[in-house]
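Structure first, then comments.
The values are calculated or read from the model by the stated rules, or taken from the named source; none is laboratory data. Not measured: the values here are computed from a predicted model. Counting neighbours? That spans all protein chains shown, and the Cβs are built from the backbone with ideal geometry, glycine included. Just the protein is used for accessible areas: all its heavy atoms, side chains included, with ligands, DNA and RNA removed. Shrake-Rupley method; radii C 1.70, N 1.55, O 1.52, S 1.80 Å.
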Amino acid sequence: MLDHLIKGATVVDGTGAPSYTADVGIRDGRIAVVAPPGTVTEEAGTSEDATGLVLAPGFVDPHTHYDAQLFWDPYATPSLNHGVTTVAGGNCGFTLAPLHPGRPADADYTRRMMSKVEGMSLVALEEGAPWSWSSFGEYLDALEGRIAVNAGFMVGHCALRRYVMGEDAVGGQPTPAQMGEMLALFHEAMEAGAWGLSTTQSATHSDGDGKPVASRHARPAELLALSRAVAAHEGTQIEAIVVGCLDQFSDEEIELLVAMSAEAGRPLNWNVLTIDAAVPERVPRQLIPSERAREAGGRIVALTMPILTPMNMSLGTFCALNLIPGWGEILGLPVPERIAKLRDPGVRAEMLRRAESKEAGVFRRLAHFGRYVIGDTYSTANEGLTGRVVQDIAAERGQEPFACLIEICANDRLRTVLWPMPTDNDPASWALRAETWQHEDVLLGGSDAGAHLDRMCGAPYTTRFLGDCLRGRKLVGLEQAVKMLTDDPAQLFGLRERGRVEEGWHADLVLFDPERIDAGKATLVHDLPGDSPRLDSRAIGINAVWVNGVETIREDVVTGAVPGTVLRSGRDTRTVSTK
């Protein structure tokens with residue numbers, strides 16, 4: 001007997017093939033039957049009429065940071081609401097394991113690092129996760145059986161270094177013995193199911209003490225030794241971040257990334273490829289590593305977002321503005337000193353110069369302060385400004401836009417919420433995106449879901465993209481759009497029998513209304529442990545989501561079921577060889 005029968009759905013199977021109408025039956029977590037409407041004779045425990053609705057594979061998000069959130073939110077909201085049934089975590093070199101059992105303080109260091117570098121609530125990290133593990137395998141075991149999504153995790157280079165080198169992981173180099181211990185620890189993690197290595201060399205990644213995170217101190221020899229270790233395990237990968245990911249790679253970075261992928265004989269993915277017609281030289285430069293990797297026996301895949309992710313910013317909390325060269329030291333001052341500095345015309349002039357310089361890279365786009373929209377305000381002096389554009393307010397007041405913005409924020413003791421209007425929302429940039437998406441080494445993703453919780457909300461990219469494809473710009477057809485969200489990432493990670501609507505495959509499915517599918521406006525909610533805030537977005541037009549054959553979402557509400565699986569390398573992933 002079937003567990004559930006979905007009747008008369010328009011099936012978009014994930015392969016890119018034309019859609020068709022079918023009845024789809026689920027049994028024991030698998031897709032048991034896909035047949036012409038009305039031809040299924042087997043009885044079903046439950047059934048539903050899906051006429052006019054699209055049935056697609058569950059979406060696969062290739063870049064998340066749900067490593068901690070899954071402990072207090074097993075549904076990985078809002079990703080699950082938006083049809084995501086599989087998430088890849090442990091990215092950017094940051095994981096919660098392994099933790100040295102002899103140094104309890106390492107857990108506190110890790111929490112403070114994650115709070116700073118990934119914008120997670122420190123209170124939520126302290127209160128919401130058990131921190132009961134030492135090895136990476138114990139961390140995976142702590143999640144097993146209690147999550148509603150399927151989740152796989154890279155092992156973070158920073159955690160490996162910290163476990164072996166202690167405080168010397170920041171600033172130090174491993175001795176030969178320590179390198180051997182790090183490799184043994186890494187092999188142990190992959191044997192337990194880690195998907196491979198994640199690492200960062202990005203200048204934007206600092207720990208809770210403001211120092212460069214541990215992996216930023218690694219030299220190429222260390223990175224290549226870890227890459228070679230990846231090759232020894234089935235179904236593994238590399239994810240790497242370097243400085244040039246934000247704008248344009250240096251020759252040395254290209255050489256390093258190519259060597260890492262070639263040494264591992266595995267795909268390496270990086271994020272995020274920013275596509276902007278105003279910087280036409282960026283995309284060709286960022287795809288050079290992919291071309292050279294194929295020549296060297298590797299494969300390098302760039303992740304890029306198919307939407308413009310809404311962001312909250314402020315001068316009072318850590319956000320992307322802190323990452324503009326020279327800004328971090330000013331925005332890190334105590335609030336009274338910060339306001340005094342920001343009101344100094346000479347300081348503002350230097351900040352603008354640095355923000356508009358080539359060294360600012362992709363953050364140059366944040367320097368158009370006249371284009372900012374004022375969000376929430378907190379003082380009587382700012383009443384009526386919410387929703388207004390800074391350049392209009394500045395014109396009324398006879399001020400330069402940046403000076404005007406500073407005064408507004410100062411009135412709120414820097415708590416004012418700022419919404420930067422994107423500079424790359426023009427037809428030329430969207431045409432360039434559509435063209436770039438067709439490249440064989442470009443993959444949709446980079447949501448950072450689970451991180452930067454009160455600053456940005458990338459999780460709904462799936463529904464917003466599909467809505468845009470169906471009723472907006474229509475840059476991609478429905479069948480191809482679904483493939484880009486399902487089979488393409490599943491193939492990159494070598495997921496076994498996931499990413500398609502196919503008999504015998506895992507029943508990870510999403511049922512949606514093509515006339516309505518979209519994402520609601522990002523709104524601030526206080527639902528994390530400790531009443532900490534995060535941005536959330538309602539899923540529109542998602543009728544139901546199944547994970548391993550069990551309904552987890554119905555009309556944007558979680559059912560309470562936790563049928564997700566911790567996806568372990570080898571068992572749940574196959575090797576995607578590059579040679």
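What does the charge dipole of the stretch 325-385 about its Cα centre add up to, to the nearest 20 debye, if the Cβ of each Lys and Arg holds +1 and the Cβ of each Asp and Glu holds -1?
280
Can you sort 216, 228 by solvent-accessible area, 1.4 Å probe, largest first?
228, 216
According to a simple spin-label model (label point 7 Å from Cα along Cα-to-Cβ), what is the distance in nm between residue 211 and residue 295?
In this crude label model, residue 295 to residue 211 measures out at 4.0 nm.
Taking the Cα centre of the stretch 423-569 as the origin, how large is its charge dipole in debye, to the nearest 20, when only Lys and Arg (+1) and Asp and Glu (-1) carry charge on their Cβ atoms?
The dipole of the stretch 423-569 has a size of about 120 debye.
What percentage of the solvent-accessible surface of the chain, computed with a 1.4 Å probe over protein heavy atoms, is contributed by carbon and sulfur atoms?
Accessible surface attributable to carbon and sulfur in the chain totals 50 percent.
Mean shadow of the chain, computed from the convex hull of its alpha carbons, in nm²?
25.3
Using a 1.4 Å probe and counting only protein heavy atoms, arrange 7, 211 so the residue with the most accessible area comes first. All intermediate terms of the calculation are to be shown ahead of the outcome.
Details: 7 80, 211 110 Å².
Correct descending sequence by accessible area is 211, 7.
Counting Lys and Arg as +1 and Asp and Glu as -1, what is the net charge of the other residues whose Cβ lies under 10 Å from the Cβ of residue 168? Numbers along the way, then the final one.
On the way: positive: 161, 162; negative: 167.
For residues surrounding residue 168, the net value is +1.
Multiply the residue gap between residue 344 and residue 103 by 0.36 nm, knock off their C-alpha separation, and tell me the result in nm, one decimal place.
Between residue 344 and residue 103, full extension yields 82.3 nm more.
Taking only protein heavy atoms and a 1.4 Å probe, what accessible area per residue, in Å², does the stretch 195-330 have with all protein chains in place? Walk me through the numbers before you get to the answer.
Values: 4330 Å² over 136 residues.
Using a 1.4 Å probe on heavy atoms only, each residue of the stretch 195-330 averages 32 Å².
With a probe of 1.4 Å, find how much accessible area the stretch 1-86 has per residue, and write the answer as a whole number in Å². Each step should come with its number before you reach the end.
On the way: 2700 Å² over 86 residues.
I get 31 Å² per residue for this part.
How large is the accessible surface per residue of the stretch 434-579, computed with a 1.4 Å probe and reported in Å² as a whole number?
36
For a Förster distance of 25 Å, can you work out the FRET efficiency between the beta-carbons of residue 35 and residue 562, rounded to the nearest 0.05?
Numbers: r = 30 Å, r/R0 = 1.20.
According to the calculation, E is roughly 0.25.
Let me have the 222 nm mean residue ellipticity of the chain computed from DSSP H runs of 4+ only, each contributing -39500 (n - 2.57), with the sum over all residues rounded to the nearest 500.
Taking each H run of at least 4 residues, the total per residue is -8500 deg cm²/dmol.
Looking at 325, 366, 336, which one has the Cα that reaches farthest to the positive end of the dipole of the stretch 320-380 (charges on Cβ: Lys, Arg +1; Asp, Glu -1)?
366
Please get the size of the charge dipole for the chain, origin at its Cα centre, with Cβ charges of +1 on Lys and Arg and -1 on Asp and Glu, quoted in debye to the nearest 20.
Dipole size: approximately 1080 debye.
Points 7 angstrom from Cα along the Cβ direction at residue 435 and residue 555: gap in nanometres?
4.6
Listed here are the pairs 7/474; 7/483; 211/521; 116/483; which of them are more than 26 Å apart at the Cα?
Those over the limit are 7/474; 211/521; 116/483.
As a test of reading the structure, rank 471, 112, 282 by solvent-accessible area (1.4 Å probe, protein chains only), most first.
Result of the area sort, largest leading: 471, 112, 282.
Compute the whole-percent fraction of alpha carbon pairs in the stretch 277-360 spaced more than 22 Å apart. Don't skip to the answer; put the middle values down first.
On the way: 1733 of 3486 pairs.
Roughly 50 percent, once rounded to a whole number.
With a Förster radius of 45 Å, plug the Cβ-Cβ distance of residue 515 and residue 146 into 1/(1 + (r/R0)^6) and report the FRET value to the nearest 0.05.
My answer for the efficiency is 0.80.
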